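Student: Mind having a look at this structure? Questions to follow.
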Amino acid sequence: MNPFECSGSPRPAEDSRCRWLRFSSWLECVCVVTFDLELGQAIELVYPQDVKLTEKEGRGHMVCYFPGCLGDTQFSFRLRQSVGRRTSRFTEDVYNRDAPVTLQREVSHFFGYVYFRQVKDVSVKRGYFQKSLVLVSRLPYTHLFHSLLQIIAPEFFEKLEPCLEAVCNEIDQWPSPIPGLTLNLPVMGVVLQVRIPSKTDKPGGSPVKQIAREVRALLFFSPTLLPTIHELDLFRCFQSVLIHLQMLWELMLLGEPVVVMAPSPNVSSETVLALIIELFKCDRSVMPFLSVRASVILGVTNPFFIKTFQTWPHIIRLGETKMAGDLPKQVKVKKLSKLKTLDTKPGKITNSMLMLYQHKNLFPYYVYLYLQGIQRKRPSEVQSAILRRHLLELTQSFIIPLERYMASQMPLQRSVTPWKTPPQIRPFSQDEFMSTLDHTGPQLTSVLKGDWMGLYRKFFRSPNFDGWYRHRHKEMTQKLESLHLEVICNADLLGWTKDKSEVEIVDLILKLREKLIKARRQQLQVKDGVLDKLEAFITSIISSLPEDLQTVLGTH
């Protein structure tokens, strides 16, 4: 049965919710924000019309933010949903189970993808047309949704609501995002072909080759191939602070608060997302424009914040880049330096010292590759791939010893028996882990030297260690549960029940039924047929009991 199809004949009140289930697997809603002379920025329209944003989610947050730049500007934001909001009926666990951690669907937050246009218009009282088209989603598909906006926004600004309704109906026909699949997504006469990443993908691999094989097999249409749905242009984000990239990696690894001062909203938001998603998966609050709370990454464009954040320990100042996207022909765009945003030189302001280094007299190797790429006029995608590879190697060098130690804390498979609860994972001992680094530490294989042990000690005190450990412990616990289920199904449970009392048999049935329900609810990855075999065993045992017990257990 298709999970997005409603069974039976829905009542009128349920009809709209059932209709938009496919749409909601991609987007929560689409918002149109305009400038009202009395209210200022205000939400003009939300589609589908039955989706309601609260005051806090809408006007009180970034949905109604206007960057104030002439022309067309694209940027992103992230906001917390209101308490008590009902989540989509789309089964979150099905997607999140197979998606990479950095691309899992958010439960308590929304992502906003914005296409803002400001052009002169003498028919408007203030003399300017100002409007934003905002895609609100729980998915961090930055590249996909900004590419989608580049297709639909220019047409929307010409035709307005009828265009928006047609687009939403097309999205409602899209197949759901399933990790590992390549999908064709038609919209406004264009077919976007994308591959949804899976947690089983090889680190550092690219979906381009996998998609290309399917493109060559297509005979009837030529889709627009998106090589990625989420990766950002690292070359554009970090080119003005490239020499400080390793420092940024260390700050993200340790969960340090950082302010990113940028000349424009799109540079600010892309850089913040690149810091979060590309450098290291951080367990923190993310507000790419305006928010002040502990352990955050802030992206700002207003010069007011130069003084406000003087006391922050880590400040990154980005240089100017070209404004992305095409601009309306009638608009003469001022240079960003004349928009009076951040009149400061790019670089970093931080009290931290690098824990790792290649050599005190040498630039990092990736900088040489970058400079070589400029001389050879390499495409931005290639330059970004060089940076991404370097960051991946950094993270792998650091995390592999931790993963190896965690694997050693897993109980031996032979200790899992059907007659006892699964053994416990041994606790993480920082001292014990540190003692392993002399023989298995990253300094043995990495070109980087320095205080690796000091970096681990700082990591243990950071919020990121807690997030990483909880995630790994959960995965290992589920693995133990899966092994336990498989061992149970391979045991002679029927023989065990022959000399047991009814009380013991009923207790066994209740425990097995609880494990079965839990396994299906958590969607544990077990061998094919294991859960069905366990359910068949429970049924056969119940049928052998007296009728009164069968009645009780049958309705339990």
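Student: Just to check I understand the Karplus step: with θ = phi - 60° and J = 6.51 cos²θ - 1.76 cosθ + 1.60, what whole-Hz values come out for the stretch 435-448, glycine and proline as x?
Tutor: 5, 7, 5, 4, 9, 10, x, x, 5, 7, 10, 7, 6, 7
Student: Read phi for every residue in the stretch 541-547 and hand back ³J(HN,Hα) as whole Hz from Karplus 6.51 cos²θ - 1.76 cosθ + 1.60, θ = phi - 60°, with x for Gly and Pro.
Tutor: Residue by residue, the stretch 541-547 yields 5, 4, 5, 8, 8, x, 4 Hz.
Student: FRET efficiency for residue 125 and residue 374, Cβ-Cβ distance as r, R0 = 41 Å, nearest 0.05? The partial results should precede the final answer.
Tutor: Working: r = 48 Å, r/R0 = 1.17.
After rounding to 0.05, the efficiency reads 0.30.
Student: For residue 504, tell me the accessible area in Å² from a 1.4 Å probe, rounded to the nearest 10.
Tutor: Here the accessible area works out near 80 Å².
Student: Still on this model: Taking a 1.4 Å probe, which of 497, 200, 308, 102 shows the most accessible area, and what order do the others take after it?
Tutor: Order by accessible area, largest first: 200, 308, 102, 497.
Student: Can you pull out the chymotrypsin sites (Phe, Trp or Tyr not before Pro) in the stretch 376-437 that DSSP calls coil and that have at most 12 other Cβ atoms within 10 Å?
Tutor: Here the sparse-neighbourhood loop sites are 419.
Student: Multiplying the sequence separation of residue 426 and residue 520 by 0.36 nm and subtracting their Cα-Cα distance, what value in nm do you get?
Tutor: Values: separation 94, 0.36 × 94 = 33.84 nm, distance 2.60 nm.
Net length gain for the segment: 31.2 nm.
Student: Which pairs in the list 377/449; 52/307; 449/474; 500/533; 420/533; 52/125 are over 26 Å apart, alpha-carbon to alpha-carbon?
Tutor: The answer is 377/449; 52/307; 449/474; 52/125.
Student: In whole angstrom, and with the biggest value first, how far do the Cα coordinates of the stretch 492-554 range along each principal axis?
Tutor: Taking max minus min along each principal axis of the Cα atoms, the stretch 492-554 gives 34, 24, 15 Å.
Student: Write down the accessible area per residue of the stretch 492-554 in Å², having rolled a 1.4 Å probe over the full set of protein chains.
Tutor: That works out to 65 Å² per residue.
Student: If you roll a 1.4 angstrom probe over the protein chains with everything in place, what fraction of the accessible area of the stretch 492-554 belongs to carbon and sulfur, to the nearest %?
Tutor: About 54 percent, which is the carbon plus sulfur part of the accessible surface.
The values are calculated or read from the model by the stated rules, or taken from the named source; none is laboratory data. Everything numeric here is computed off the predicted structure, so don't read it as measured data. Neighbour counts run over all protein chains shown; Cβ positions are idealised from the backbone, glycine included. These area figures cover heavy atoms from the full protein model, side chains too; ligands, DNA and RNA do not enter into them. Shrake-Rupley method; radii C 1.70, N 1.55, O 1.52, S 1.80 Å.
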